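Here the structure is laid out as structure tokens; the discussion comes afterwards.
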Amino acid sequence: MSLDLVFPDAAAFADRLRALSQDEIEQFQELWSQAQEELCRWPVRHAATLLLGPFDDDVFLAVQDWIVSHGRQTMQRVQDDPDSLVELAPDRHYARIDWFCGLPIEAHIAATGAPFAVDGPSGPDTPVGTAADLTDEIRTRHRFPRLTAYLDDNPWIERPWRRAAS
């Protein structure tokens, strides 16, 4: 079982999950949760904030799912270089939609008649690492040159440094 597959949409993802056995669905859910936890880092959240505008913690979970849905290679690239999140800009309209996290549960219910046994929340409550000050435009541009260039080309996206000035 791996997360190397890229799922172009939730329907295809759901179909693939429903074809798995109960054990495979549970294993997939565990791998998905681990992948999501790996993305719970301040640099990833900052990159997503630049690409998408401000969002809350619940939306960040959906953003993590969205990144994971693009496959292990993309996820690793974003972890290694959060500025590379700009490569997902053409798909950004799906980033805030909370549709991936429930699909393994639905597949598990279809396979077993019951949801997963819940041991409690997993993963960190807040992103790992140190939060940066995105309102510092110079530092933000230095740290995220591709994303800030994307912002320059898309003036309708809110800039953190403009929020601070108002």
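A few remarks follow.
- Test: residue in the stretch 127-142 that is out of contact with any Phe, Trp or Tyr (no Cβ under 9 Å at 6 or more places or on another chain), closer than 21 Å to residue 54 by Cβ and at pLDDT below 90: no
- Unmet criterion (only one of (1) assigned to a helix (DSSP H, G or I); (2) among the hydrophobic types (A, V, I, L, M, F, W, C); (3) out of contact with any Pro (no Cβ under 7 Å at 6 or more places or on another chain); (4) surrounded by 14 or more Cβ atoms within 10 Å (Cβ to Cβ)) for residue 157: (1)
- Scanning the stretch 139-155 for residues that are over 22 Å from the mean Cα position of the chain (by Cα) and under 15 Å from residue 89 (Cα atoms) turns up 152, 153, 155.
- Residue 108 meets the conditions (1) modelled with pLDDT of 90 or more; (2) touching a Pro at 6+ places or on another chain (Cβ under 7 Å) in every case but one. The failed one is (1).
- Residue that is farthest from residue 150 (Cα to Cα), among those in the stretch 17-52 that are of a type in the set (Lys, Arg) and either surrounded by 15 or more Cβ atoms within 10 Å (Cβ to Cβ) or at pLDDT 95 or above (or both): 41
- Residues in the stretch 71-82 include at least one that is charged (D, E, K, R) and touching a helix residue (DSSP H, G or I) at 6+ places or on another chain (Cβ under 7 Å).
- Filtered residue count, the stretch 29-47, keeping only those that are under 16 Å from residue 117 (Cα atoms) and either in contact with a helix residue (DSSP H, G or I) (Cβ under 6 Å, 6 or more places away or on another chain) or charged (D, E, K, R) (or both): 2
- The residue that is nearest to residue 162 (Cα to Cα), among those in the stretch 11-68 that are touching a Pro at 6+ places or on another chain (Cβ under 7 Å) and among the basic types (Lys, Arg), is 45.
- Test: residue in the stretch 127-142 that is surrounded by fewer than 11 Cβ atoms within 10 Å (Cβ to Cβ) and touching a residue at least 24 places away in the same chain (Cβ under 8 Å): yes
- Selection within the stretch 88-105: residues that are among the aromatic types (Phe, Trp, Tyr) and surrounded by fewer than 21 Cβ atoms within 10 Å (Cβ to Cβ). The member of this set that is modelled with the highest pLDDT is 94.
The values are calculated or read from the model by the stated rules, or taken from the named source; none is laboratory data. This is a predicted model, so every value here is computed, not measured. Neighbour counts run over all protein chains shown; Cβ positions are idealised from the backbone, glycine included.
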